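Student: Before I ask anything, here is the structure I am working with.
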Amino acid sequence: MRVRKTQRLPYLNFLRAKYEMYTGVVAVESYPSYVGIDPSSACNLRCPTCATGIEYESAHSKEKIVFRNRTLMSAELFDALLEEMGDYLFLIMFFNWGEPLLNKNLPAMIRKAADREIETDIHTNLSLPLSDHYLESLLTAGLGSLGASLDGFTQKTYETYRRGGDLALAKGNLERLVAIRDRLGLDTRIVWNLLVFSFNEHEIPTVEKYCRDLDIGFNARDAWINDPEWLPSYRKVEPSISPPGQMSVWSPTGEPKAPVSRSPACGWHYGFTMINANGSLSPCCAAEDQKDDLGTVEPGEHGFVKVWNNPRYQNSRAAFAGRPLPGGDEVETLCMKCPFDKGIQTLYSVFDERVTRQFDEVLEASEPLLGEAFRRLEDRPSFVEFYERHREELVPPPPLARPRAAPLRVLQ
């Protein structure tokens with residue numbers, strides 16, 4: 001992470017969340033350390049395996065599909081979230097189901113996050129008209145990294161997946177971004193993200209050379225594929241292909257895939273969360289249907305914590321921990337029949353090592369007790385024993401040390 005948190009509080013919160021996850025706590029007293037905030041649930045493209053693209057494409061058919069409301073996040077909602085959570089966050093990822101650059105308040109959001117020493121990241125298709133002023137405002141706001149989602153190097157290949165997109169426009173915006181970054185001497189990381197399919201894998205060497213010449217990163221990524229013809233050569237042996245968010249999956253034999261295995265705890269219940277443009281919290285970033293959301297933040301009415309510890313969240317944590325709760329049979333969530341594998345359940349734990357390294361660089365010398373807790377993280381029993389022995393010194397100050405949430409039998 002480029003931005004370095006210099007205060008104790010986010011590290012104390014990080015350790016508290018780990019302790020609660022390791023011990024299967026149901027009513028948590030910690031905030032997430034990483035959060036996805038979708039500035040826009042609307043998009044300008046119709047990608048065929050994205051829930052948003054599927055929904056848009058269905059508008060032209062007799063059976064229209066609606067996954068969620070399409071809107072832009074308001075400044076009021078973002079400010080309320082940042083006011084409540086900002087002191088505990090290491091990273092905000094400004095993307096999920098929509099095109100983030102459609103929200104013209106995005107540079108202001110990034111700047112407010114950067115002012116709180118929060119790292120920021122956006123993924124964008126870049127296939128829309130963007131002024132030099134807007135691009136410069138993005139970069140000078142303190143943006144940490146920008147991933148450009150361009151899945152091909154010719155228009156014909158690119159639009160096979162990025163339907164409705166203009167590759168020349170997207171590349172032009174990308175090149176202008178790099179020019180502005182270099183002119184201003186900024187260190188924003190810019191990366192070309194390419195989802196690999198059978199129809200574009202032959203273009204990878206060309207894209208790699210282009211990125212080297214432009215001095216940006218290149219990231220070839222596995223796509224979520226539901227058409228066996230689209231599998232790239234190195235994935236032809238896959239026995240099954242999982243459509244996004246669906247319980248049943250395609251397989252060559254026509255037999256349903258076995259249920260997904262669950263971890264003792266899911267990172268989406270403790271260390272990270274996904275907040276949609278309308279303020280609703282999704283079970284995870286892969287849950288595309290609004291009906292599966294676990295609650296909605298409403299400024300002045302329902303803050304993040306009220307949703308984070310509501311009956312749906314508590315029962316989801318209990319299901320993973322194998323701890324049935326009173327009234328739990330009346331509260332059903334997607335998490336209780338999770339269709340996603342452990343790769344989703346632990347997705348953003350990849351950032352944990354960076355938080356640990358950041359602590360070592362910033363505070364380890366002056367905080368030996370916290371340093372010892374970080375060193376024990378990889379050994380769960382040892383960490384839990386150490387945390388419980390030094391609980392008073394390691395528990396974050398209020399508002400995290402608040403009363404437990406209402407029992408599940410009090411249903412709303």
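The values are calculated or read from the model by the stated rules, or taken from the named source; none is laboratory data. Here the structure is a predicted model, which means the values were calculated and not measured. Counting neighbours? That spans all protein chains shown, and the Cβs are built from the backbone with ideal geometry, glycine included. Side chains are part of the model used for accessible areas, which takes the heavy atoms of the whole protein and leaves out ligands, DNA and RNA. Shrake-Rupley method; radii C 1.70, N 1.55, O 1.52, S 1.80 Å.
Student: Given the conditions (1) over 30 Å from residue 355 (Cα atoms); (2) in contact (Cβ under 8 Å) with a residue 40 or more places away in the chain; (3) open to solvent by 10 Å² or more (accessible area, probe 1.4 Å), and given that residue 131 satisfies all but one, which numbered condition is not satisfied?
Tutor: Result: residue 131 fails condition (2) only.
Student: Considering only residues that are part of a loop (DSSP other than H, G, I, E, B) and either open to solvent by 20 Å² or more (accessible area, probe 1.4 Å) or of a type in the set (Val, Ile, Thr) (or both), which ones fall in the range 269-284?
Tutor: 278
Student: May I pose another question? Considering every residue within the range 184-195, establish whether at least one is aliphatic (A, V, I, L, M), buried (at least 17 other Cβ atoms within 10 Å of the Cβ) and either at pLDDT below 95 or farther than 23 Å from residue 232 by Cβ (or both).
Tutor: yes
Student: Please identify the pairs in which a residue from the range 203-231 that is touching a residue at least 40 places away in the same chain (Cβ under 8 Å) has its Cβ atom under 7 Å from the Cβ atom of a residue that is assigned to a helix (DSSP H, G or I) and of a type in the set (Ser, Thr, Tyr), counting only partners at least 6 apart or on another chain.
Tutor: Partner pairs satisfying both residue conditions: 203/157.
Student: Let me ask another. On the given criteria, is residue 375 more than 25 Å from residue 119 (Cα to Cα) and surrounded by 13 or more Cβ atoms within 10 Å (Cβ to Cβ)?
Tutor: Considered against the rule, which asks whether it is more than 25 Å from residue 119 (Cα to Cα) and surrounded by 13 or more Cβ atoms within 10 Å (Cβ to Cβ), residue 375 comes out as no.
Student: Which one is least open to solvent (accessible area, probe 1.4 Å) among residues in the range 317-368 that are closer than 30 Å to residue 6 by Cβ and of a type in the set (Gly, Ala, Ser)?
Tutor: Taking the range 317-368 first, the residues closer than 30 Å to residue 6 by Cβ are 346-368.
Adding the requirement that they be of a type in the set (Gly, Ala, Ser) leaves 349, 365-366.
Working: 349: 38, 365: 99, 366: 77 Å².
Out of the qualifying residues, it is 349.
Student: When both residues are 6+ apart or on different chains and their Cβ atoms are under 7 Å apart, which pairs have a first residue that lies in the range 171-183 and is within 10 Å of residue 216 (Cβ to Cβ) and open to solvent by 10 Å² or more (accessible area, probe 1.4 Å), and a second that is of a type outside the set (A, V, I, L, M, F, W, C) and not in a helix (DSSP H, G or I)?
Tutor: Filtered contacts from the range 171-183: 181/188.
Rundown of residues vs (1) open to solvent by 10 Å² or more (accessible area, probe 1.4 Å); (2) outside any strand (DSSP E or B), yes/no style:
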residue	(1), (2)
61	yes, yes
65	yes, yes
70	yes, yes
78	no, yes
81	no, yes
87	yes, yes
92	no, no
97	yes, yes
101	no, yes
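Here's the yes/no breakdown for (1) out of contact with any Ser or Thr (no Cβ under 9 Å at 6 or more places or on another chain); (2) over 30 Å from residue 375 (Cβ atoms):
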| residue | (1), (2) |
| --- | --- |
| 40 | no, yes |
| 89 | no, no |
| 96 | no, yes |
| 99 | no, yes |
| 118 | yes, no |
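Student: Scan the range 48-57 residue by residue and report those that are open to solvent by 10 Å² or more (accessible area, probe 1.4 Å) and of a type outside the set (A, V, I, L, M).
Tutor: Matches in the range 48-57: 48, 49, 50, 55, 56, 57.
Student: Name the residue that is most open to solvent (accessible area, probe 1.4 Å), counting only residues in the range 294-310 that are over 14 Å from residue 283 (Cβ atoms) and in a helix (DSSP H, G or I).
Tutor: 306
Student: So which residues in the range 134-149 are surrounded by fewer than 18 Cβ atoms within 10 Å (Cβ to Cβ) and under 16 Å from residue 185 (Cβ atoms)?
Tutor: The answer is 140, and nothing else.
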